[in-house]
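*Asks:* Below you will find the structure I want to go over with you.
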Amino acid sequence: DARVTQTPRHKVTEMGQEVTMRCQPILGHNTVFWYRQTMMQGLELLAYFRNRAPLDDSGMPKDRFSAEMPDATLATLKIQPSEPRDSAVYFCASSVRLAKNIQYFGAGTRLSVL
Amino acid sequence: SQQGEEDPQALSIQEGENATMNCSYKTSINNLQWYRQNSGRGLVHLILIRSNEREKHSGRLRVTLDTSKKSSSLLITASRAADTASYFCATDKLNAGGTSYGKLTFGQGTILTVHP
């Protein structure tokens with residue numbers, strides 16, 4: 001049963017701490033997306049990668065957020081330092097570029113920054 | 001305003017009734033997709049309609065697309081309590097060269113509540 005796996009599912013941290021979220025895309029998918037979802041802003045695209053190369057990270061606050069794909073099976077989203085306004089659910093999704101761009105989402109990481 | 005805007009924002013119906021949600025967008029698209037999100041979960045793809053298609057069916061789902069009006073609708077027939085969820089439309093936009101960006105732009109969603 002192929003699926004996108006995100007860890008951790010929940011994270012509570014204090015302001016100023018570093019947070020790292022991980023995503024394992026579906027095997028064979030070459031495009032990986034990071035989204036943030038809040039009640040106020042809805043679903044926002046933060047960054048996405050194709051074949052491990054960053055294509056667009058314009059949705060990400062550059063001073064504190066960073067996204068990488070160390071290898072084809074792992075994508076990471078890091079926040080340093082974290083702030084209360086970063087509290088949200090962060091989703092990873094993957095797709096196959098030539099397959100109609102249908103995206104498969106992970107269950108998300110619910111982040112609370114106190 | 002944002003591409004991929006759904007209306008209504010919230011819809012409350014009784015089991016057995018039909019639910020219709022609408023989506024508008026602003027630019028040329030490769031395709032339009034609908035996703036469902038149950039509370040506390042990730043989004044799940046429901047159905048895709050290409051820009052050259054006008055109607056698509058999948059089980060109790062019916063999607064229409066009017067590219068002249070830049071709008072789409074999702075109809076869920078004979079709704080069930082299990083259909084209670086948020087529904088999002090997402091557009092696969094075309095760039096100036098007429099090819100897909102390879103990413104989706106999601107709307108704000110419609111919250112559907114189906115009462116037993």
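Any read-out appearing in this document is the output of simple, stated calculations on the displayed coordinates, not a laboratory observation. Remember, it's a predicted structure, so these values are computed and weren't measured experimentally. No Cβ is skipped: glycine too gets one built from the backbone with ideal geometry, and neighbour counts run over all protein chains shown.
*Asks:* B:Ser73: assigned to a strand (DSSP E or B), farther than 15 Å from A:Ile102 by Cβ and touching a residue at least 12 places away in the same chain (Cβ under 8 Å), yes or no?
*Replies:* Details: assigned to a strand (DSSP E or B): yes; farther than 15 Å from A:Ile102 by Cβ: yes; touching a residue at least 12 places away in the same chain (Cβ under 8 Å): yes.
For B:Ser73, the condition - assigned to a strand (DSSP E or B), farther than 15 Å from A:Ile102 by Cβ and touching a residue at least 12 places away in the same chain (Cβ under 8 Å) - is met.
*Asks:* Would you point out which residue out of A:Lys100, A:Lys78 is on the phi > 0 side of the Ramachandran plot and of a type in the set (D, E, K, R)? Let's see the steps before the verdict.
*Replies:* Working: A:Lys78 fails: on the phi > 0 side of the Ramachandran plot.
Testing whether each residue is on the phi > 0 side of the Ramachandran plot and of a type in the set (D, E, K, R) leaves just A:Lys100.
*Asks:* Could you list all residues from region A:1-60 that are charged (D, E, K, R) and either within 13 Å of A:Cys92 (Cα to Cα) or exposed (fewer than 14 other Cβ atoms within 10 Å of the Cβ) (or both)? Before the answer, list the steps.
*Replies:* We begin by selecting, within region A:1-60, every residue charged (D, E, K, R); these are A:1, A:3, A:9, A:11, A:14, A:18, A:22, A:36, A:44, A:50, A:52, A:56-57.
Passing the criteria: A:Asp1, A:Arg3, A:Arg9, A:Glu14, A:Glu18, A:Arg22, A:Arg36, A:Glu44.
*Asks:* Taking region A:23-67 on its own, how many of its residues are within 27 Å of A:Lys100 (Cβ to Cβ) and not in a loop (DSSP other than H, G, I, E, B)?
*Replies:* 23
*Asks:* Given the options B:Asn31, B:Asn95, B:Asn38, name the one that is within 14 Å of chain A (Cβ to nearest Cβ), surrounded by fewer than 17 Cβ atoms within 10 Å (Cβ to Cβ), within 18 Å of A:Gln103 (Cβ to Cβ) and not acidic (Asp, Glu). Before the answer, list the steps.
*Replies:* Numbers: B:Asn31 fails: surrounded by fewer than 17 Cβ atoms within 10 Å (Cβ to Cβ); B:Asn95 fails: within 18 Å of A:Gln103 (Cβ to Cβ).
B:Asn38 is the lone residue from the list that is within 14 Å of chain A (Cβ to nearest Cβ), surrounded by fewer than 17 Cβ atoms within 10 Å (Cβ to Cβ), within 18 Å of A:Gln103 (Cβ to Cβ) and not acidic (Asp, Glu).
*Asks:* Do you know which of the residues in region A:80-102 that are surrounded by 20 or more Cβ atoms within 10 Å (Cβ to Cβ) and either more than 20 Å from A:Met40 (Cα to Cα) or charged (D, E, K, R) (or both) is farthest from the other protein chains (Cβ to nearest Cβ)?
*Replies:* A:Asp86
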